[in-house]
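Participant: The structure follows.
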Amino acid sequence: MNLKNKKIETQIIINSTHNKDGNTSQLIKKLYPNSKSIKLIDYKIELYNYDEKYSDDDEFLLIINEIIKYDKIIFATPVYWYSMSSLMKIFFDRITDLIGTQEELGRKLMGKKIEVITTSNGNNLGDNFFLPFKETADYLHLEYIDGKHY
Ligand SMILES: Cc1cc2nc3c(=O)[nH]c(=O)nc-3n(C[C@H](O)[C@H](O)[C@H](O)COP(=O)(O)O)c2cc1C
């Protein structure tokens with residue numbers, strides 16, 4: 001096999017824990033010790049608003065401009081009340097900007113692969129948990145690869 005032309009896939013992890021050194025961060029360290037990861041809690045991400053106008057120090061687009069450099073995005077969320085963390089939900093709501101005022105930037109996300117990992121105490125949630133991720137991926141023309149609970 002000719003390895004010379006084989007492109008190495010790059011990946012970035014979006015960590016939406018509210019507990020910087022908690023279970024989700026530990027899991028990421030174990031699974032992906034060499035991958036770039038971003039903790040949403042370190043950034044200022046304002047709530048979505050219908051005008052799509054935000055403060056100058058809002059950092060949502062900073063994150064998107066980083067993400068578009070990678071082939072695969074791994075969303076890592078703790079399970080908080082049977083669902084993604086509220087930080088992750090705020091981030092997903094803001095994706096609305098990428099089909100509105102920031103459409104040009106949004107187009108740069110098309111075709112990217114996404115995966116989801118979760119940490120929870122119960123580990124009793126099925127595949128339904130991943131539905132918002134799958135549907136959002138479909139809507140935005142991303143390629144949903146897999147979701148795994150830990
Ligand atoms: C607000 C909150 C809600 C939670 N809800 C659930 C839940 O619905 N199901 C579950 O199995 N664990 C639940 N847990 C436990 C966490 O999912 C689990 O401890 C997770 O690994 C925490 O990750 P973290 O340390 O990154 O925050 C909850 C924890 C918190 C703080």
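Participant: For residue 80, which sequence-distant residues (separation of 5 or more, or a different chain) have an amide H within less than 5 Å of its own amide H, given hydrogens modelled in the peptide plane?
Facilitator: Correct list: 85.
Participant: Ok, one more. What is the local net charge at residue 113, summed over the other residues whose Cβ is closer than 9 Å to its Cβ (Lys, Arg +1; Asp, Glu -1)? Intermediate results must be reported in sequence, preceding the final value.
Facilitator: Details: positive: 72, 112; negative: 9, 71, 115, 143.
With Lys, Arg at +1 and Asp, Glu at -1, the net is -2.
Participant: Stick to the Cα atoms of region 1-95, pair each with every other, and give me the Kirkwood hydrodynamic radius in Å at one decimal.
Facilitator: On the way: mean 1/r = 0.0680 Å⁻¹.
Mean inverse Cα-Cα distance, inverted, gives 14.7 Å.
Participant: Quick one: what are the phi-derived ³J(HN,Hα) couplings along region 27-33, Karplus 6.51/-1.76/1.60 with θ = phi - 60°, whole Hz, x for glycine and proline?
Facilitator: So the J values, rounded to whole Hz, are 4, 4, 4, 6, 6, 10, x.
Participant: Using a Förster distance of 35 Å, how high is the FRET efficiency between residue 125 and residue 36, based on the Cβ-Cβ distance and rounded to 0.05? Can you show the working numbers first?
Facilitator: On the way: r = 27 Å, r/R0 = 0.78.
Working from the Cβ atoms, E equals 0.80.
Participant: Would you pull out the residues with amide H under 5 Å of residue 117's amide H, same chain only if 5 or more places away, H placed 1.01 Å from N?
Facilitator: The answer is 75, 76, 77, 148.
Participant: What does the extension gain come out to for residue 51 and residue 139, with contour length at 0.36 nm per residue minus their alpha carbon separation?
Facilitator: 29.5 nm
Participant: Same structure again: How about region 1-72: which GluC sites (Glu not before Pro) there lie in a loop by DSSP and see at most 13 other Cβ atoms within 10 Å? The partial results should precede the final answer.
Facilitator: Working: sites: 9, 46, 52, 59, 66; in loops: 9, 46, 52, 59.
Within region 1-72, the qualifying GluC sites (Glu not before Pro) (loop, at most 13 other Cβ atoms within 10 Å) are 9, 52.
Participant: Where does each of 17, 10 land when they are ordered by accessible area, with a 1.4 Å probe and the largest first? Each step should come with its number before you reach the end.
Facilitator: Working: 17 5, 10 55 Å².
Per-residue accessible area, sorted high to low, gives 10, 17.
Participant: Now for a different question. Between residue 86 and residue 8, what length comes free when the chain is fully extended (0.36 nm per residue of separation minus the Cα-Cα distance, one decimal in nm)? Before the final figure, lay out each step's value.
Facilitator: Working: separation 78, 0.36 × 78 = 28.08 nm, distance 3.28 nm.
In short, 24.8 nm is gained.
Participant: Rounded to the nearest 20 debye, what is the charge dipole size of the chain about its Cα centre when +1 sits on each Lys and Arg Cβ and -1 on each Asp and Glu Cβ? Walk me through the numbers on the way to the answer.
Facilitator: On the way: 20 positive and 22 negative charges, 182 e Å.
For the chain, the charge dipole is close to 880 debye.
Participant: Can I ask one more? With point charges of +1 on the Cβ of Lys and Arg and -1 on the Cβ of Asp and Glu, referenced to the Cα centre of the chain, which listed residue (100, 132, 116) lies farthest in the positive direction of the dipole?
Facilitator: The residue sitting farthest along the positive end of the dipole is 116.
Participant: Among the trypsin sites (Lys or Arg not before Pro) within region 6-57, which fall in a DSSP loop and have no more than 12 other Cβ atoms within 10 Å of their own Cβ? Display every interim value, and only then the final one.
Facilitator: Details: sites: 6, 7, 20, 29, 30, 36, 39, 44, 53; in loops: 6, 7, 20, 44, 53.
Answer by residue number: 6, 7, 20, 44, 53.
Participant: Restricting to region 18-149, compute how many DSSP beta bridges are antiparallel as a %, nearest 5. Write out the running numbers ahead of the final one.
Facilitator: Values: 1 of 14 bridges.
Looking only at bridges with both residues in region 18-149, the antiparallel portion is about 5 percent.
Participant: Just the accessible area per residue of region 18-149, please: how many Å² with a 1.4 Å probe? Walk me through the intermediate numbers first.
Facilitator: Working: 7700 Å² over 132 residues.
Heavy-atom accessible area per residue stands at 58 Å².
Participant: Just the number, please: carbon plus sulfur as a percent of the accessible area of region 18-149, 1.4 Å probe, no ligands or DNA/RNA counted. Don't skip to the answer; put the middle values down first.
Facilitator: Numbers: 3640 of 7700 Å².
Of all accessible area on region 18-149, carbon and sulfur atoms account for 47 percent.
Participant: Leaving ligands and nucleic acids out of the surface, order 60, 92 by accessible area at 1.4 Å, largest first. Working shown, then result.
Facilitator: Working: 60 0, 92 25 Å².
Solvent-accessible surface, decreasing: 92, 60.
Participant: Cβ under 9 Å from residue 48's Cβ, residue 48 left aside: what net charge do those residues give with Lys, Arg +1 and Asp, Glu -1?
Facilitator: -3
Participant: Where the centre of each part is set by its Cα atoms, how far does region 2-58 sit from region 71-102, in angstrom?
Facilitator: Cα centroid of region 2-58 versus Cα centroid of region 71-102: 10 Å apart.
Participant: To the nearest 500 deg cm²/dmol, what mean residue ellipticity at 222 nm is calculated for the chain from DSSP H runs of n ≥ 4 alone, each contributing -39,500 (n - 2.57), summed and divided by the residues? Let's see the in-between values first.
Facilitator: Values: 5 runs with 40 residues, N = 150.
The helix contribution divided over the chain gives -7000 deg cm²/dmol.
Participant: Related question: In units of 2.2 N^0.38 Å, what is the alpha-carbon radius of gyration of region 18-149? Working shown, then result.
Facilitator: Numbers: Rg = 14.5 Å, N = 132, 2.2 N^0.38 = 14.1 Å.
For region 18-149, the normalised Cα radius of gyration comes out at 1.03.
The values are calculated or read from the model by the stated rules, or taken from the named source; none is laboratory data. Just so we're clear, the structure is a prediction, and the values are computed from it rather than from any experiment. Quick reminder, even Gly has a Cβ in these numbers, built from the backbone with ideal geometry, and neighbours come from all protein chains shown. Heavy atoms of the whole protein, side chains included, go into the accessibility calculation; ligands, DNA and RNA do not. Shrake-Rupley method; radii C 1.70, N 1.55, O 1.52, S 1.80 Å.
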